[in-house]
Amino acid sequence: PDGHLGWTNGMTAPNQRPYLRTTAKVGADGWARVFLDDAPLRTPRGVDLRLPTASLAATIAQEWDSQGEKVRPDTMPMTRLANVSTDLTPLHRGGMIEAVLDYAKTDLLCHRAGGPEKLVALQAARWDAPLQWAAEQGIDLPITAGIIAQPVGALSLTRVRALAGAFDDFALTGLAHAVAVSGSAVLGLAMAHRVAPAGDALFEVGALDELWSIQQWGEDTELATRLERLKLDLAALERWFTLIAK
């Protein structure tokens, strides 16, 4: 992933909207499915899209039902994540877990400013709690001032690998995206376990440095666009973890 949900924009229906009715149903096998008219929704690889919860299926059905004459993948984050969970994650679990490990070695929350004091205090106020949660899970990451990462202990990396590897394909998909979007394995894992700050507080944790820069020097168009995308992606991922929870 490139840190943005836009990488999962493969869709399962024509760009035009030929269907009239969208429904979600739970089958006898316990998996939920979405139907466009009477046809089951399929992934870009042509596989029936089977979903772990009725609430996720209902949300994906709403995404499709809200489309106009043309299908807009950028307005369908749950569909895109579900497609990746089905088509790609089963084939690339090892690589996705290693990517989470790479972020843990250079975790955003561990790289602190040397000053000014207000920024140092703000980083501590926003970032210490997720790191404390990680430590309670056996993940002890060293905090450093500046951009040079400190070595992470083997036991902590083993624990990160174990936590990521324990997730099913839907949760691992969300984790991989959350880590790439936020730049933090700790924050991604906290989101996946649904113990991270919620809503605007989550955005303030993930975008702390950028928000500080805006306070000091003002906002430019490129930064504003990047922050808006980050806020939308974090909100979508927060919702994803809620919807896949059984």
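The values are calculated or read from the model by the stated rules, or taken from the named source; none is laboratory data. The structure presented is a predicted model; accordingly, all values stated were derived computationally and were not measured. Because the Cβ atoms are built from the backbone with ideal geometry, glycine has one as well, and the counts that use them run over all protein chains shown. Ligands, DNA and RNA are stripped out before the accessible areas are found, and what is left, the full protein with its side chains, is counted by its heavy atoms. Shrake-Rupley method; radii C 1.70, N 1.55, O 1.52, S 1.80 Å.
Among residues of the stretch 148-166 that are outside any loop (DSSP other than H, G, I, E, B), those with a beta-carbon under 6 Å from a residue that is open to solvent by 80 Å² or more (accessible area, probe 1.4 Å) at least six positions away or on a different chain give the pairs SER156/ASP140. Does GLU98 fit the bill of being part of a helix (DSSP H, G or I), within 15 Å of THR23 (Cα to Cα) and under 20 Å from the mean Cα position of the chain (by Cα)? No: the conditions fail for GLU98.
Cβ-Cβ distances below 6 Å connect the following pairs, each with a first residue in the stretch 75-101 that is in contact (Cβ under 8 Å) with a residue 12 or more places away in the chain, a second residue that is among the aromatic types (Phe, Trp, Tyr), and a separation of six or more residues or different chains: LEU81/TRP240; SER85/PHE170. In the stretch 31-57, the residues that are over 18 Å from PRO73 (Cα atoms) reach residues that are assigned to a loop (DSSP other than H, G, I, E, B) and among the acidic types (Asp, Glu) with C-beta atoms within less than 9 angstrom, at least six apart or across chains, in these pairs: ARG50/ASP29; PRO52/ASP168.
Cβ-Cβ distances below 6 Å connect the following pairs, each with a first residue in the stretch 199-223 that is hydrophobic (A, V, I, L, M, F, W, C), a second residue that is in a helix (DSSP H, G or I), and a separation of six or more residues or different chains: LEU202/LEU234; PHE203/LYS231; PHE203/LEU234; VAL205/ARG126; ALA207/LEU227; ALA207/LEU230; LEU208/ARG126; TRP212/LEU119. Give me the residue from the stretch 22-67 that is of a type in the set (D, E, K, R) and open to solvent by 70 Å² or more (accessible area, probe 1.4 Å) and, out of that set, farthest from LEU172 (Cα to Cα). Restricting to residues being of a type in the set (D, E, K, R) and open to solvent by 70 Å² or more (accessible area, probe 1.4 Å), the top hit is ASP38.
Taking the numbered list (1) under 19 Å from LEU122 (Cβ atoms); (2) surrounded by fewer than 20 Cβ atoms within 10 Å (Cβ to Cβ) in turn, THR225 passes all entries but (1). The listed residues are GLU238, GLU219, and the only one of them that is open to solvent by 30 Å² or more (accessible area, probe 1.4 Å), of a type in the set (Asp, Glu) and within 12 Å of the chain's Cα centre (by Cα) turns out to be GLU238. Just so you know, in the stretch 148-157 the residues that are among the small types (Gly, Ala, Ser) and closer than 17 Å to LEU187 by Cβ include one that is most open to solvent (accessible area, probe 1.4 Å), and it is ALA149. For the stretch 109-139, the tally of residues that are surrounded by fewer than 13 Cβ atoms within 10 Å (Cβ to Cβ), of a type in the set (Gly, Ala, Ser) and either touching a Pro at 6+ places or on another chain (Cβ under 8 Å) or in a helix (DSSP H, G or I) (or both) stands at 2.
When the test is whether a residue is open to solvent by 50 Å² or more (accessible area, probe 1.4 Å) and among the small types (Gly, Ala, Ser), ALA145 passes it.
Have a look at THR106, THR79 and point out the one that is under 28 Å from GLY183 (Cα atoms), open to solvent by less than 40 Å² (accessible area, probe 1.4 Å) and of a type in the set (S, T, N, Q). Testing whether each residue is under 28 Å from GLY183 (Cα atoms), open to solvent by less than 40 Å² (accessible area, probe 1.4 Å) and of a type in the set (S, T, N, Q) leaves just THR79. Evaluation of GLY30 against the conditions (1) in contact with a Gly (Cβ under 9 Å, 6 or more places away or on another chain); (2) assigned to a loop (DSSP other than H, G, I, E, B); (3) modelled with pLDDT of 90 or more shows that the sole unmet condition is (1).
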